[in-house]
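Read the structure below first, then the notes.
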Amino acid sequence: MTGSTRQTRSDWIFRSEATQGIEHIEAYFRGNAYSMHRHDTYAVGLTLAGVQCFHYRRSLRSSVPGQTMVLHPDEAHDGQAGTHEGFRYQMIYVQPAAIQAVLGGKPLPFIDGGVTTDPRLFDATRAALRRMRDDAEPLERDDAIVDLALALDIASGARPTRKPADFAAVQRAREYLQDACTGPVTLDTLAAVSGRDRWSLSRDFRTFYGTSPYRYLTMRRLEAARTMMLRGVPLADAAVATGFSDQSHMTRHFRSAYGISPARWLAMTGQPRADYGGRRAQSFKTARRRPA
């Protein structure tokens, strides 16, 4: 975010390095945060705590947890706390060209007033904020941008347009994901395999398979990891062998997909789990001891 800042000892900004042209910040302010300024990107974010106020398009707006802020490119705005407690928020700054690449020539989405309660946009924004972390895979970030662009388009009230979808191209991409799920995959790779441009392919994949390319890839990795775990492969080894960066990366996705940790899943299936040293750990199922 550009613009001048008046800082107190309690104010702070954490900024992630821009990835794929998208900047991500988290910040906390008490009192005045920013004077009037503008930038040539979308500013899309969530207020995490407190009341966030800003002047935007000739009116004072406010955002609270549960709402989504969308500031249109080149629209002047400032920022200040709405209460003495201050406010904390996360924001990503997305080039209009990235949104336009997904929408394919439609007018840029505009959210009247800069604040919305649209649930789909809230979920897409929350996911994008999470996926723009440093360790996210390129395909994961691309998925987030597609979801965000489509959610912005719907939240703006744009009429849906039906574009021809290419099932054969999507099928080629799906087969590639199935066969190469344990290695790194990018949307550019899928575009080359399928013969479809990357953003059209991402939209079409959702149309025919009901999920995004990265989500499909992740579920195939989890299936492979579960098979290895059931064979007694240690969790850390299974994670790396199936394309996850490490065990914690796999565990995060495992919980998201199944609502339970890998270790607990193994315990509930009654399977022994190999520990980090390669030895067999006992199953969580234990026999009740009789008193001596």
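The values are calculated or read from the model by the stated rules, or taken from the named source; none is laboratory data. In this text, all values refer to a predicted model and were calculated from it rather than measured experimentally. Virtual Cβ from ideal backbone geometry, glycine too; neighbours counted across all protein chains shown.
Would you pick out the residues in the range 43-59 that are more than 19 Å from D123 (Cα to Cα), part of a strand (DSSP E or B) and not polar (S, T, N, Q)?
The initial filter retains those residues of the range 43-59 that are more than 19 Å from D123 (Cα to Cα), namely 50-59.
Narrowing the set further to residues that are part of a strand (DSSP E or B) leaves 50, 52-56, 59.
Matches in the range 43-59: G50, C53, F54, H55, Y56.
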Next on the checklist: Conditions first: (1) in a helix (DSSP H, G or I); (2) of a type outside the set (G, A, S); (3) in contact with an Asp or Glu (Cβ under 7 Å, 6 or more places away or on another chain). R196 passes all but one, so which condition is the exception?
Outcome noted: (1)
Item to check | Evaluation of L60 against (1) free of Cβ contacts under 8 Å to residues at least 12 places away in the same chain; (2) surrounded by 15 or more Cβ atoms within 10 Å (Cβ to Cβ) (one fails), failing number | outcome: (2)
Checklist entry - Can you tell me which of D123, D40 is outside the structural domain of S248 (by TED's automatic domain parsing) and part of a loop (DSSP other than H, G, I, E, B)? => result D40
Checklist entry - Considering T182, T83, which residue is touching a strand residue (DSSP E or B) at 6+ places or on another chain (Cβ under 8 Å) and in a loop (DSSP other than H, G, I, E, B)? => result T83
Next on the checklist: If I ask for residues that are among the aromatic types (F, W, Y), modelled with pLDDT under 90 and over 26 Å from Y93 (Cα atoms), which ones from the range 143-199 would you list?
Outcome noted: F167
Checklist entry - If you scan the range 241-254, which residues turn out to be more than 18 Å from the chain's Cα centre (by Cα), among the hydroxyl-bearing types (S, T, Y) and either surrounded by fewer than 15 Cβ atoms within 10 Å (Cβ to Cβ) or farther than 19 Å from E137 by Cβ (or both)? => result none
Checklist outcome for this item: Within the range 27-78, the residues that are among the hydroxyl-bearing types (S, T, Y) and more than 22 Å from M132 (Cβ to Cβ) are S35, Y56, S59, S62
Checklist entry - Out of A224, A257, A149, A238, which single residue is in a helix (DSSP H, G or I), crowded, with 18+ Cβ neighbours inside 10 Å and not assigned by TED's automatic domain parsing to the domain that holds V115? => result A238
